[in-house]
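Asker: This is the structure I want to talk about, given as structure tokens.
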Amino acid sequence: MNRLISIFGGNASPALTEEICKYVGVPQGTARVSRFSDGEIFVEIGENVRGVNCFIVQSTCSPPNDNLMEMLIMIDALKRASAGAIVAIIPYFGYARQDRKVKPRTPITAKLVADLLTAAGATRVLSVDLHAGQIQGFFDIPFDHLYATPILREAFQREGLVGDGTVVVSPDAGGTERARAYSKFLHCPLAIIDKRRDAPGVSQVHHLIGDVEGRRAILIDDMIDTAGTLCNAAKAVMEHGASEVFAGATHGVLSGPAIERINESVLSRVWVSNTIPQHDKVSRCAKLEVLSTANLVGEAIKRIHHGDSISSLFD
């Protein structure tokens, strides 16, 4: 199979790429990514990829502009080397929060990123837990949208967070559908927090809809950025009588004061996946646990390569 498939990793996701290659059973593709003295990115593919299905694993996390540009250049290099298919695997899709015009004279940057990937030569894109599902419609090439739900559910079950003694809480109205899916599987009730955002990164809890008294609460979100929303929600849930509060999110952006806020919060544990490398954050936060998406993404890669359905991965 090594002659038919090659998996390349960008600088943003080295550990995840290594795990994925191990699951798929192929060595990591050879590519050299370097920079000129002025910061320009240079990519050289170190193997023959003519007619080969190539997969590039690169989260567009911090620094998003560098990681995005690196991926675009790598796609162009593979296209000019006559690769068969070029699949952009973007575990964390940066700029996903800019999926619509929030006020006049503002961009829709998620659409711009979609156009850039397509123009560079990507033939397919795969991502995990988009911030806004409609971003799939920005692409004129096939897009596979995976969910980290099974990975987080296993963590909740190991912790015994199932049944009527548990309540799943959405930290805002926009995440209700996501939280409802978890509550259905865990056979527990659902609660929703009415959040008002006064400015980017600043939010306040106004109301809690649902009963959390005496229950262990799980806050569910797609990402944790500065952790302001998460910690405010956890505090509100405890004030309404919850016995303990946990949190689970696919993408641990954890920027700015996030780690300090989590350490000082009432949260007992926070689960995130490795779609974004956490580096030293786990050592700085005893409450943080990182779950691997390598098998999920690796299975999707195998099925895409062999032309098999990946619909069962959406369960």
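Here, each number is a calculation from the coordinates, and none is a lab measurement. Worth saying up front: this structure is predicted, and the values here are computed from it rather than measured. Cβ coordinates were reconstructed from backbone atoms using ideal geometry, including for glycine residues, and neighbour counts include every protein chain displayed.
Asker: Roughly how compact is region 115-163, stated as its Cα Rg over 2.2 N^0.38 Å to two decimals? Please report the intermediate quantities before stating the final value.
Answerer: Details: Rg = 15.6 Å, N = 49, 2.2 N^0.38 = 9.7 Å.
So region 115-163 has a normalised radius of gyration of 1.61.
Asker: Quick one: check the C-alpha center-to-center distance for region 32-100 versus region 263-315, whole angstrom.
Answerer: 21
Asker: Put a dot 7 Å past each Cα toward the Cβ at residue 112 and residue 47; how far apart are the dots in nm?
Answerer: Once both label points are built, they end up 3.5 nm from each other.
Asker: For region 48-165, restrict the atom set to alpha-carbon positions and state the Rg and Dmax in Å.
Answerer: Using the Cα atoms of region 48-165, the pair Rg, Dmax is 16.9, 57 Å.
Asker: Residues of region 4-33 with the amide nitrogen closer than 20 Å to a label point 7 Å from the Cα of residue 85, along Cα-to-Cβ, please.
Answerer: 4-10, 17, 20-30
Asker: Region 204-240 to region 115-192: how many Å between their Cα centroids?
Answerer: Cα centroid of region 204-240 versus Cα centroid of region 115-192: 18 Å apart.
Asker: Add -39500 (n - 2.57) for each DSSP H run of 4 or more in the chain, then divide by its residues: what number comes out at 222 nm, to the nearest 500 deg cm²/dmol?
Answerer: Roughly -9500 deg cm²/dmol at 222 nm, from the helical runs in the chain.
Asker: In nm², what is the average projected area of the convex hull enclosing the Cα atoms of the chain?
Answerer: For the chain, averaging the hull's shadow over all directions gives 16.7 nm².
Asker: I would also like to ask the following. What span do the alpha-carbon atoms of region 149-291 cover on each of the three principal axes, reported in whole Å from largest to smallest?
Answerer: So the three principal-axis extents are 36, 35, 24 Å.
Asker: Can you tell me how much longer the chain between residue 140 and residue 33 gets when fully stretched, taken as 0.36 nm per residue apart minus their C-alpha distance, in nm with one decimal?
Answerer: Here the answer is 35.7 nm.
Asker: In addition: Hey, for a label at residue 100 modelled as a point 7 Å past Cα toward Cβ, could you say which residues of region 206-235 have their backbone N under 14 Å away?
Answerer: Correct set: none at all.
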